[in-house]
Amino acid sequence: MASLSAVFTEKEKTNWLKAWLAVDITKSGLEQFVENGAKTLHTNIFNNVWSINISQATCSGCQIANLLECPTKGVCNKHGAQSTCTSMHDNAAKQPRPCPANVCNKVHDEIVKQHKFKKPSWKNTIAQQWTTNPWQIAKAYFPPDGYAGQCSVQETDFNGIISFMMNCKDFDNKFSFPIATGKHNAPCLLTKAREIGRIVRHSSQCKVTDADLQDIFTTLTKLLSDQTSLTHDVTAQEAVKKLAELQKDTLKITTEEMMHLLQASQDTLNKIQNKADKSQNEMQTYLEQCKTDLNTYTNKCKQDLDDQTAKCTKAIDEHASRTLESTYEQYCEDFRGHLIEHYTTRMNTVSVSPLLVGLDKPIFDIFVQPKICFYNIEKDGSRKKTNKTIQQYKDFFYSDKKLKRVFVQGEPGIGKSTFLTKLVLDWCNVVSLHNHDNKATFSDIDTLNDFQFLFHISLRDAMNERDVVEMIKTQIIDRIYTVAKQTKAFELLQQILERETCLVTMDGLNEWADHLDQHVIPRIPTTHTKCVSIITTRPWKMADERIKCSEIDRLLEIDGITESEQLSKRIILSLQIGNNMSHTAFMTYINERNLMHFLTSPWMQELILNVWMNKSDVKGSLCEIHSILLDVLFKKAKATKGFFKNGFPIECLSSSRYIKKQIKIFDAVANAAFQLKFSSNKSPTFSEREIRKYLSEEHLQFCLNAGVLTARCNSVRFAQSPQYSFTHETVHEFLAAFHIASLKQDIIEYFKPEHNYNVLEMSQTIIYLCGLHCETAYKLLNRLVDGDFLSDICHGLSLYIKRCNDTLSAFRRDNYTKETVLKATRNEMDNDASCLAISVLFQQMVIAGFSEAKLSGQKDICLKCSDFTFNKYLHESESDALKELLIFNKSNVRSLILESNVLEVSEILSVMQQSQHSLERLKTTVTPEMYKALHNLNLKELHFIGQIEESSLSHVLPSLSNLMYLCIEDSNILERTVLPGTIQEICLLKSTFTAMFLQYLLVDLSSLKHTVQLYLESVIVTDFNTQIFLTEYLLNDMTNIHLDIEHGNNALYDTLRCSSIGTLALNTAGDVVLASKILNTLKKLRKLYLWGTYIEQYALKLPKTLQCVSLQKVECSAEWLCNLLIALSSLHHDVECELWDVVLQPCEYACGDDSKTHAPDLRAEYLSHMTILVENGTVELFEILRNTNIGKLDLRTEDCASSASTILCTLKRLTKLYLRGTYSGRCTLKLPATIQCMCLYAVECSAEWLCSLLIALSALNHSVECELWDVVLQPCEYACGVDSQTHVSDLRSKIMSINMSQLTIVVIKGSFELFEILRDTNIGILHLRTADCTSFASVIPYSLKKLTTLYLWGTYSERCTLPLSASLKCISLQEVKCSAEWLCSLLIALSALNHSVECELWDVVLQPCEYACGVDSQTHVSDLRSKIMSINMSQLTIVVIKGSFELFEILRDTNIGILHLRTADCASLASVILYSLKKLTKLYLCGTYSERCTLQLPASLQCISLQEVECSAEWLSGLVIALSSLDHSVEYELQDFVLQSRADARGDDFRRSRNRIHLSDLRSLGVELFKIVLITPDYDTKRHGRIF
């Protein structure tokens, strides 16, 4: 035991130690009382919460941050709505949100209610423990912070315990005194006790006087003896006793307690010492700072004195030079003024007519902002155009630093010179004029203020000059100043270029060359460091390898103008006299001639505008416009003027002025255009090597200078020459057409039919050819248009007349032709959409060709056309042209679609009469005269608009023996109509008919022997209430009818009640609502299609026969979709649900307030017999399927697979997964363990993805099949990531090491690269579904060390060269057509494996001898037959399912050991060769046998096995006799054996006896010695009979 007096010798320090111990004793006395209070508080709070929530819910997932608003005062450090909280709510998981169980937020509220000051200490408490730890709630009443880590009353200090009792209202009635803080009332015992604790803890001298010590003992004893609660608390009373003993110095303290006290005192002393040390350090630092400040001030005074001396000296020097400088500035100002005047008077107009250069207008009236794009110059020197455009002047001159040299390239006439002119005028305006009428090119015109001077140079006019300074003198100074002042001005220029920031604009680098051939760019002296230059040029000039990448600070390209219509409006306004020409009329002219693509070029637009406005002089054909264009371009290249003689065959060139003298160049470039256009490459760009085949170097340079050709350099890498192209694709096509027209018939022979030219790809060339020489165009069309192309047009028009979806896109007037149809393969574009577009585009081409021929003055326009569609998409001029074509071809019309009244009835009848042998398709408004004309036509499709006469129609329809489609629109139908038996589709649009008519129609359609579609749109059914159901209507099988309804009425659906239609399509939600009443009465409905939006509750009652529901374009709630899936699962048979385009509504749009609560749980439903197909899915859609029991899932796109990836592993019954789409990177699909088959249909993927998928499938550790139906591996360059090849290599190593023996690979459409992935792997089973697959796989089977079974399909000739794996146990030929040579060589290869192997011949057809490959085929077969008879085949089992005489002849005299004949036909065919099989030991028979057994068995036979055999006693008798004749013991296996009774043999009712062959029956057959083995139906055991 220790005494306190032994610690300190000083009395007051001993008192402090006693006070510390007294506080500690008091804390221990209060602990139990406070802990009980915390538990009571916890219970009360949760009772209150649960009384509100009804159920006793709990939660442990909410953090305290989730329950507090942000900002919460004293907790968050967020200031203002835009700031971010970085203390309490510092990440996404800590954001405010309601408690999911609705518990924690209510506990929070209760804590606040119980706090006396409504300010709980949230930093102390942990909300996740509120449910289980009462002390976590108690800590909310502690001081603001410092208690987060204290989890019990024992760990909490005295201050925390006292604060809990003071702040929590629950303690108000547990003391005899009111709890008061002492601010406005006298302090209570708790307040005094808290103050005692603070005094003792924070005493700086660790001293307490005797009087203060006495007060401490008194206060603490009173607190522990409070009469209300503590006087009855045992722990508290023990503490009172200890306090009394401590006060009397009789308290015995253990050594441990003493150590505790000393440690506490030591801590306090350490704190005091730290404060003292800190104060001393601060004083020392302050003194040092004072010394530093004093020194700094002394130095500053000295520096100020020095600066003032230097300033005075500088002022004296500046005053001396000011006179000279002011003179220089004045000269500069005068020079700038003259310069601005020069620009604004000489450069303020622009030419608006390429035909008449002198016709100019103020630039401000004409100018339209150009579209200028950035080029990136990569590290390897390649130049790549970006989509980023110039939006401000600062983009020209600044990047990370100020740029020194900027190049602006652009094609001829694109607006390069005009742009520079406008830039010059913008500079004039910003530095001096401030003309508000001048609208700046870019908004940041003040950027140009950075340049004190701007010097504009035309490089075309500087051919003999090399230096920029010389050019400025010649083009600017010599024009501004008189001769006397030019010298001084030139001297001033030298100073300006050296001293001032100047902008030098140089226009037309392609038109300048250094006569000494030393510089590729005009020279600027290196001393002119502040000069910035902008240089414009054509792209081919930038291909000059002498222009170094380092000399190009920025490369830009003018791509045209931003608002082409604005330019045409301004030019029209500036040129016309009066207002007789409008912009609308000009745009009509443009659209009719398909010239819209020219409008982005200002120069081309001006040319076309001038042609249009001068109609009296110019006819305006495309050929004429291009002739004028080329004539002007030749003029630009300084061509010699000359004229063609009258009667020149190409009329559009007859008025040209600059082509005649250069006709050799013109012919040469036309030949080049033709050859390059129709070469195998067909690229719009070509190399110098290619173009030089047709053009000399001189001619090539002329074409570049003229702008007919252009060149671009995309890279400066070694040996890469510039890429050339024509200035515009239409110029290329016009010149190619000119070449064809010039040579006529000779060129037509160039287009061989076998080359498969795409006529639409050549459409523009053909149009030009119509204008140049129409007869040649006609011959070329006949050469190009083949049967397949005409079939596509026919199919497209058939779709159009049948109102197929999305017909509008085919009539777009933009670049639809080249971008969508011509460049798309049938895999990329739906075949129907492609055919529809082709039909439209071909008609547009023929119309354009016909119009061009007329405008060009062609005499004999002989274009032939058989399909004519008149609709709202045609311009008036196009409709007129098409009508002329129709009249010209009216005896050979195949399709006549009239959606506008362009033809008189007499004209329609004339076409019908003269094309009665060819007319297949007709859409027109019906008139009485037409019925007679329809008789016996070859029509396949007929669409009538308007009121029909039922009797007349019924009279004529049966005569239309080829009619497959009939549509009646906008008519009343009252009587039954007789239909031809060929009808396949009927469409009734916006028509009214009776219920009886509909019944008759359905009955008539059900009588057809083929599927028929009935489409009803916006129809009204009448008289339902008065009709009587036809007996045949209710009894007929209508499963062949596909009924498609859009906007039906109640009577329509009531009529359908109890019918037996097989397929129903409901195109609107309204139709679904109406149909819901009768759906379950459709007893034979197999497939249901739905469209529409569904926000109401699900109300469909599905018939039990339904096999598929297809949601085409549906928007619905999750609840509705879940209920649909549940309804489908209740059908209890295999059913498919197709989700083609399903959009789930957001929660706020869901039906009803409790939608989320009501959404059913699919997890409990049995969906394993359901297949779900998803084409356009979302994460929300797949979340519905999470943890469900669906059996099969078909994901039609990679987006679907991505969205479904997070739920796949939860599908515990999923057995089959279908994938389509494009996949890169590593496969991250998490597959469920139940998966049995993975099917990849139309998949494009990386090798990395496929490898990782196969690894994932192997990891399932059970038999699983992977079907590769159409898998295309991406080339290496498309693989994702720079480390892709490394990843693939790693995966290849892994795939070779893992066990894949349980994996079956099925390949339907393979490739060499695909099978290379499988090389050296351990797959167990491989299916090769085509001969091509077998060919691709031929190099890898030997490497498959674990391959046990190989399946083959396809056609095979010559010798089998397939190397077989040594592990192979079975090869199965499923559907194989092969030569005898191939089959023999396969059997030889199998025998060479030297172990037991089975060869299954399921459906093998031997090719006749004449189809065998090679002239020596028969010799080869003979040699193989000799070899096959000599080798050991005893370990080979041959299984034949579908055989032939020729097949068994191959096996004659061979040494096969086991033969399995799976049908009676096989046994019959094999009977003639069985005896020749000298090594045959076992024979399996299956099938049905009657009459006597005639099998000639080989003497080597040891066992015969009858499997699934039904035979007569007579046959069995013959077999047993044959066996007994073998003179040795033979095993006789009977497995699933049926012996026909005698009644069976007579054809009476069957009476079978399975596996019940009585021994007496066998004895009666005279059998002497063999063994009978009866195999029971479970096939697991054998029962041996005795030998008798």
Rank these by accessible area, largest first, 1.4 Å probe: Arg1292, Arg538. Arg1292, Arg538
Suppose each label sits 7 Å from its Cα in the direction of the beta carbon; what would the Asn782-Gln452 distance come out to in nanometres? 7.8
Would you work out what percent of the accessible area of the chain, with all protein chains in place, is carbon or sulfur (probe 1.4 Å)? 50
Pairwise label distance in nanometres, Lys1101 with Lys404, each label 7 Å out on the Cα-Cβ vector: 8.9
In nm, the gap between the two label points placed 7 Å beyond Cα toward Cβ at Thr992 and Gln1236 is 5.8
Apply 1/(1 + (r/R0)^6) to the Cβ-Cβ distance of Arg692 and Lys664, taking R0 = 22 Å, and write down the FRET efficiency to the nearest 0.05. 0.85
CD proxy at 222 nm, helix term only [per DSSP H run n ≥ 4: -39500 (n - 2.57); per residue of the chain; nearest 500]: -12000 deg cm²/dmol
For a quick check of understanding: with a 1.4 angstrom probe and all protein chains in place, what accessible area in square angstrom does Val520 have, to the nearest ten? 20
Tell me which residues come under 5 Å, amide H to amide H, from Glu1265 once H is placed; ignore anything under 5 positions away on its chain. Cys1237, Met1238, Thr1304
Expected output is a single nm value to one decimal: the length gained when fully extending between Ala93 and Thr527, i.e. 0.36 nm times separation in residues minus the C-alpha distance. What is it? 150.0 nm
Shape of segment 920-1009, Cα gyration tensor, a/c cut at 1.5: oblate
Tell me, what HN-Hα J-couplings in whole Hz come from the Karplus equation 6.51 cos²θ - 1.76 cosθ + 1.60 at θ = phi - 60° for each residue of segment 919-932, using x for Gly and Pro? 5, 10, 9, 9, 10, 7, 6, 6, 9, x, 6, 7, 4, 5
Enumerate the amide H contacts of Asp867 below 5 Å, restricted to partners 5 or more residues apart or on another chain; note that Pro and chain-start residues carry no placed amide H. Arg894, Ser895
How would you classify the chain from its alpha-carbon gyration tensor, with a ≥ b ≥ c the square roots of the eigenvalues: rounded for a/c under 1.5, else prolate if a/b is greater than b/c, otherwise oblate? oblate
Arranged from highest to lowest average of other beta-carbon atoms within 10 Å per residue, in what order do the peptides 976-983, 937-944, 467-474 appear? 937-944, 467-474, 976-983
Show Ile1078, Ile179 ordered by accessible area, largest first, where the area counts protein heavy atoms only and the probe is 1.4 Å. Ile179, Ile1078
Once phi for every residue in segment 83-95 is put through the Karplus expression 6.51 cos²θ - 1.76 cosθ + 1.60 (θ = phi - 60°), the whole-Hz ³J(HN,Hα) values, with Gly and Pro written as x, are 7, 10, 7, 10, 9, 7, 9, 9, 8, 5, 6, 10, 7
Quick one: length gained pulling Lys39 to Lys1345 fully straight, 0.36 nm per residue minus the C-alpha distance? 463.0 nm
Starting from the Cα gyration tensor of segment 70-196, multiply each eigenvalue by 5, take the square root, and state the resulting semi-axes largest first in whole Å. 29, 17, 14
Any idea of Ser1335's accessible area? Nearest 10 Å², probe 1.4 Å. 80
Rounded to the angstrom and largest first, Cα extents along the principal axes for segment 131-232 equal 47, 33, 30
Segment 8-125: Rg to Rh, with Rh as the Kirkwood radius over Cα pairs: 1.17
5 angstrom amide H check on Thr1463, placed H, neighbours 5+ away: Cys1486
Long pairs among Lys638/Lys664; Lys388/Lys636; Lys18/Lys174; Lys371/Lys548, criterion Cα-Cα beyond 22 Å: Lys388/Lys636; Lys18/Lys174; Lys371/Lys548
Once you keep just the Cα pairs under 8 angstrom separated by 6 or more residues, what percentage relative contact order results for segment 606-675? 25
With 28 Å as the limit, write out which pairs from Lys569/Lys859; Lys73/Lys106; Lys13/Lys222; Lys802/Lys1192; Lys541/Lys619; Lys394/Lys635 have Cα-Cα distances beyond it, or answer none. Lys569/Lys859; Lys802/Lys1192; Lys541/Lys619; Lys394/Lys635
Not counting ligands, DNA or RNA, and with a 1.4 Å probe, what is His1528's accessible surface area in Å² rounded to the nearest 10? 60
Whole-Hz ³J(HN,Hα) for each residue in segment 1036-1047, computed from phi via Karplus 6.51 cos²θ - 1.76 cosθ + 1.60 with θ = phi - 60°, x for glycine and proline: what do you get? 5, 7, 10, 5, 7, 9, 9, 9, 10, 10, 9, 6
Extension reserve of the Gln913-Lys118 stretch, reckoned as 0.36 nm per residue once the Cα distance is removed: 276.4 nm
FRET efficiency for His519 and Ile377, Cβ-Cβ distance as r, R0 = 22 Å, nearest 0.05? 0.55
What shape does segment 1194-1330 have by the C-alpha gyration tensor, where a ≥ b ≥ c are the square roots of the eigenvalues, rounded means a/c under 1.5, and otherwise prolate means a/b greater than b/c and oblate the rest? rounded
Environment charge of Phe643, counting only residues whose C-beta is closer than 12 Å and scoring Lys/Arg +1, Asp/Glu -1: +4
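The values are calculated or read from the model by the stated rules, or taken from the named source; none is laboratory data. The shown structure was predicted, so the numbers you read here are calculated from the model rather than taken from an experiment. All Cβ positions, glycine included, derive from the backbone under ideal geometry; neighbour counts span all protein chains shown. These area figures cover heavy atoms from the full protein model, side chains too; ligands, DNA and RNA do not enter into them. Shrake-Rupley method; radii C 1.70, N 1.55, O 1.52, S 1.80 Å.
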